Amino acid sequence: MIRKLLIANRGEIACRIIRTARGMGISTVAVYSDADAGALHVEMADEAVHLGGSAPAESYLDGAKIVGAALASGAEAVHPGYGFLSENPEFVEAVEAAGLVFVGPPARAIRQMGLKDAAKRLMAEAGVPVVPGYHGADQMPELLASEAARIGYPVLIKAVAGGGGKGMRLVERAEEFATALVSAQAEARGAFGNADVLVEKFVSRPRHIELQVFGDAHGGAVHLYERDCSLQRRHQKVIEEAPAPGMTEDMRAAMGAAAVRAAKAIGYVGAGTVEFIVDGSDGLRPDGFWFMEMNTRLQVEHPVTEAVTGQDLVEWQLRVASGEPLPLRQQEIPLEGHAFEARVYAEDVPAGFLPATGRLGHLRFSELARNDSGVREGDEISPWYDPMIAKVITHGPSRAVALARLGRALEHTEIGGTVTNIAFLEALSRHEDFAVGRVDTGLIGRDLSALVAEGAPSAAVVVRAALAASGLDGLGADFAGFSLWAPLERMVRLERGGEAFEVGLAVCGPGEIVARFGGQELRCSRGAGGWLIGEAREPGPARRLDGSVVVFAGQPWEFALPDPLARGGEAGATGNIVEAPMPGLLREVLVEPGQAVVRGDRLAVLEAMKMEHALVAQREGVVEAVLVAPGAQVAAHDPLIRLEEEDAEA
């Protein structure tokens, strides 16, 4: 058995691995970058080694530094987690060349599954069904266009070395193919250093169902049933579940057998996932699924499989890497109940799911769920890495119970200090089609406007925020103070989304306040269970943060607290300056001084949190100056491009 393990990762997955290793009596070594010097995974590990700068290339992607850290610390094995170097065959070879154990598959298996076109040819030879498409080496645009026509529209262009939706474009008509191809190839070249693509038939009502597989060094291979990952946004998974809604025993047997054949065909060892695209237009049928790709690592969504099987997949990984056979045979693996996982991110959903940063001034998780997280209250969400805050996992005896628990757990997850996608996840958990298991990869896109719509805060929410902002929410509410003839009234100003809210608060006695807002007068009294606002219990707890207050009422309602001493007026908000919406790397500038632009033109490309974001012109005009050169790291609100004054264009 491994006695000392180095975790070549950070955040939630590093913490997850440390917990299991500790339970098995294995000592752990963390690695960290400058940005992660005070991170939770560093605190949890038995020891930690500094790698270098905050940029992944200077730390978590530097395989030589990681191998050196493992040797210097006396670790016997390296667990890659997911992301970073987890599917890098050269890293596997470097680990093994140093005499260390790699907790994962052999380099050969990773290479075989690393390129989608070659992987699909290999799977077809192994008897695994594959989607009709073109997976050849000839990348001439004319040939690719003719192959798309042969396959039949709609088609999907995919980067052969892709992942996470990068280098992927849906093409519904022949006249759109050439533009989509150029765009996909450019993104693939930038993300993976390989512009090659494949072209596949697009399934119009697709479901994404994947099988968790496990192999050992003795030739054994099993599957641990399926996960449905159809709820996606821009090809990124949002909520996953196990088992798949509507799954039949015949379908499960067929998909399980195909997944095990895929694993055995490449001599797979350790945890992996075989992903299938499934035609969900007429129920699940054993002849309606096709191999999409194989992820040669542990998946982010592995906890839902753990919940329904009762198995610890990280423990399985460590035991298999130590040379043990698989802990269970296929017929011994249980499948009980239903489980969901929702990924909670720091992101601005109404602004287009823009990744966000910020300090977590308040963080509380619900006891109704398993909460896998790599952050604590007070931690910073860094612009250097993925902005996931936590995974909220629920389990129940039925799908309905597990989903109800998920909704309640999200409702009682309190995060303050950064915007999050919690309200979006809650809306998804209540979606009518999702509730009854009618899922496909297009569900979010079809109903996006309703899912991201922000309603107005209720009067009770605004008053609750004012109570917290005023200082009367604490002990001060017990002291009425002294005034002649009538209670003194204090005006509290709150701001949210450019809208101002003014609430008058008059203290009438110990724990008794009258709030005036929006033409209403609400008597507020504080008891053991919190505030009563009017005749109803408070909508949710409130927390005062630096410069803001948050009310957790079904979703986080955050209000800014304007500084009353701040000078009024606008600070040059003329619309002439194009700013960075978030910290990131300015990947490209697509315009030059003197160039005329119209509303909607792409001006620059910003790379932030592993995503590329196009910055577009908000009005017609002429570029006066480019203020930042491509390749520069910029902060949120940094000016990037200046347009000429509108009067100057006349």
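The values are calculated or read from the model by the stated rules, or taken from the named source; none is laboratory data. What you see is a predicted model, and the numbers here were worked out from it, not measured in a lab. Quick reminder, even Gly has a Cβ in these numbers, built from the backbone with ideal geometry, and neighbours come from all protein chains shown. The protein model used for the area step is the full one, side chains on, heavy atoms only, and it has no ligands, DNA or RNA in it. Shrake-Rupley method; radii C 1.70, N 1.55, O 1.52, S 1.80 Å.
Would you confirm whether or not region 573-591 contains a residue that is of a type in the set (S, T, N, Q), modelled with pLDDT under 90 and open to solvent by less than 70 Å² (accessible area, probe 1.4 Å)? Step through it out loud before you land on a result.
Of the residues in region 573-591, the ones of a type in the set (S, T, N, Q) are 574, 576.
Cutting the leftovers down to modelled with pLDDT under 90 gives us 574, 576.
Narrowing the set further to residues that are open to solvent by less than 70 Å² (accessible area, probe 1.4 Å) leaves 576.
For region 573-591, residues of a type in the set (S, T, N, Q), modelled with pLDDT under 90 and open to solvent by less than 70 Å² (accessible area, probe 1.4 Å): present.
Pull up region 464-506, narrow it to residues that are touching a Gly at 6+ places or on another chain (Cβ under 6 Å) and surrounded by 15 or more Cβ atoms within 10 Å (Cβ to Cβ), then point me to the one that is modelled with the lowest pLDDT.
Ala477
Among the residues of region 284-333, which ones are touching a helix residue (DSSP H, G or I) at 6+ places or on another chain (Cβ under 7 Å), β-branched (Val, Ile, Thr) and more than 26 Å from Asp117 (Cα to Cα)?
Scanning region 284-333 gives Thr305, Val314, Ile333.
If Pro457 passes every condition in (1) in a loop (DSSP other than H, G, I, E, B); (2) modelled with pLDDT under 90; (3) within 28 Å of Gly529 (Cβ to Cβ) but one, which one does it miss?
(2)
Hey, does region 402-425 have a residue that's among the hydrophobic types (A, V, I, L, M, F, W, C), touching a residue at least 40 places away in the same chain (Cβ under 8 Å) and part of a strand (DSSP E or B)? Even if it seems obvious, please write down each step before you answer.
Let us first name the residues in region 402-425 that are among the hydrophobic types (A, V, I, L, M, F, W, C), namely 402-404, 406, 409-410, 415, 419, 422-425.
Imposing the further condition that a residue be touching a residue at least 40 places away in the same chain (Cβ under 8 Å) reduces the set to 402-403, 406, 409-410, 415, 419, 422-425.
Remaining after also requiring part of a strand (DSSP E or B): 415.
The answer is yes, given that some residue of region 402-425 is among the hydrophobic types (A, V, I, L, M, F, W, C), touching a residue at least 40 places away in the same chain (Cβ under 8 Å) and part of a strand (DSSP E or B).
So that you can scan it fast, the table gives a plain yes or no per residue for (1) at positive phi; (2) open to solvent by less than 10 Å² (accessible area, probe 1.4 Å); (3) touching a residue at least 12 places away in the same chain (Cβ under 8 Å); (4) charged (D, E, K, R):
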{"position": "Arg205", "(1), (2), (3), (4)": "no, no, yes, yes"}
{"position": "Gly215", "(1), (2), (3), (4)": "no, yes, yes, no"}
{"position": "His223", "(1), (2), (3), (4)": "no, no, yes, no"}
{"position": "Gln236", "(1), (2), (3), (4)": "no, no, yes, no"}
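Output the residue which, of all residues in region 515-567 that are more than 15 Å from Gly471 (Cα to Cα), charged (D, E, K, R) and not in a loop (DSSP other than H, G, I, E, B), is most open to solvent (accessible area, probe 1.4 Å).
Checked region 515-567; the qualifying residue most open to solvent (accessible area, probe 1.4 Å) is Arg537.
Does Gln139 satisfy the criteria of being free of Cβ contacts under 8 Å to residues at least 60 places away in the same chain and part of a loop (DSSP other than H, G, I, E, B)? Spell out how you get there, then give the answer.
Values: free of Cβ contacts under 8 Å to residues at least 60 places away in the same chain: yes; part of a loop (DSSP other than H, G, I, E, B): yes.
Yes.
Taking into account only those residues within region 244-283 that are open to solvent by 10 Å² or more (accessible area, probe 1.4 Å) and assigned to a strand (DSSP E or B), which is modelled with the lowest pLDDT?
Ser281
Of the conditions (1) in a loop (DSSP other than H, G, I, E, B); (2) of a type in the set (Gly, Ala, Ser); (3) open to solvent by less than 10 Å² (accessible area, probe 1.4 Å); (4) in contact with a Phe, Trp or Tyr (Cβ under 7 Å, 6 or more places away or on another chain), Ala109 clears all except one; give me its number.
(1)
Just one of (1) under 25 Å from Leu443 (Cβ atoms); (2) open to solvent by less than 50 Å² (accessible area, probe 1.4 Å); (3) modelled with pLDDT under 95 trips up Leu198, so point out which.
(1) is the only condition that Leu198 fails.
Could you list, in sequence order, the residues of region 114-125 that are closer than 15 Å to Val197 by Cα and either part of a helix (DSSP H, G or I) or open to solvent by less than 50 Å² (accessible area, probe 1.4 Å) (or both)?
Gly114, Lys116, Asp117, Ala118, Ala119, Lys120, Arg121
Hey, among the residues in region 26-60 that are open to solvent by less than 10 Å² (accessible area, probe 1.4 Å) and among the hydroxyl-bearing types (Ser, Thr, Tyr), which one's farthest from the chain's Cα centre (by Cα)?
That would be Thr28.
Can you name the strands (runs of 3 or more DSSP E) wholly within region 301-398 that have at least 2 residues being surrounded by 23 or more Cβ atoms within 10 Å (Cβ to Cβ)?
Working: elements: 338-345, 362-364, 370-373, 388-396.
Strands (runs of 3 or more DSSP E) meeting the threshold: 338-345, 388-396.
State which residue pairs qualify: first residue more than 20 Å from Glu612 (Cβ to Cβ) and of a type outside the set (Phe, Trp, Tyr) and inside region 583-601, second residue open to solvent by 70 Å² or more (accessible area, probe 1.4 Å) and modelled with pLDDT under 90 in any location, beta carbons under 7 Å apart, and separation of 6 or more residues or different chains.
Within 7 Å, the pairs are Arg599/Gln618.
Within region 65-81, how many residues turn out to be open to solvent by less than 50 Å² (accessible area, probe 1.4 Å), in contact with a strand residue (DSSP E or B) (Cβ under 8 Å, 6 or more places away or on another chain) and not aliphatic (A, V, I, L, M)? Give the derivation first.
If we filter region 65-81 for residues that are open to solvent by less than 50 Å² (accessible area, probe 1.4 Å), which is where we start, we get 66-70, 73-75, 77-81.
Adding the requirement that they be in contact with a strand residue (DSSP E or B) (Cβ under 8 Å, 6 or more places away or on another chain) leaves 66-67, 69-70, 73-75, 77-81.
After this cut, where a residue has to be not aliphatic (A, V, I, L, M) as well, the list is 73-74, 79-81.
So the answer is 5.
Which condition number does Leu71 fail, the rest of (1) within 25 Å of the chain's Cα centre (by Cα); (2) modelled with pLDDT of 95 or more being met?
All conditions are met except number (1).
Restricting attention to region 12-25, report how many residues are of a type outside the set (S, T, N, Q) and surrounded by fewer than 22 Cβ atoms within 10 Å (Cβ to Cβ). Spell out the reasoning first.
At the first step, the residues of region 12-25 found to be of a type outside the set (S, T, N, Q) are 12-19, 21-25.
Filter once more, keeping what is surrounded by fewer than 22 Cβ atoms within 10 Å (Cβ to Cβ): 19, 22-25.
Summing the residues that are of a type outside the set (S, T, N, Q) and surrounded by fewer than 22 Cβ atoms within 10 Å (Cβ to Cβ) in region 12-25 gives 5.
Among the residues that make up region 224-247, is at least one of them β-branched (Val, Ile, Thr) and within 16 Å of Arg399 (Cα to Cα)? Lay out the reasoning, then the answer.
Of region 224-247, the ones β-branched (Val, Ile, Thr) are 238-239.
Next, from what is left, pick out any that are within 16 Å of Arg399 (Cα to Cα): 239.
Looking for residues that are β-branched (Val, Ile, Thr) and within 16 Å of Arg399 (Cα to Cα), one finds at least one in region 224-247, hence yes.
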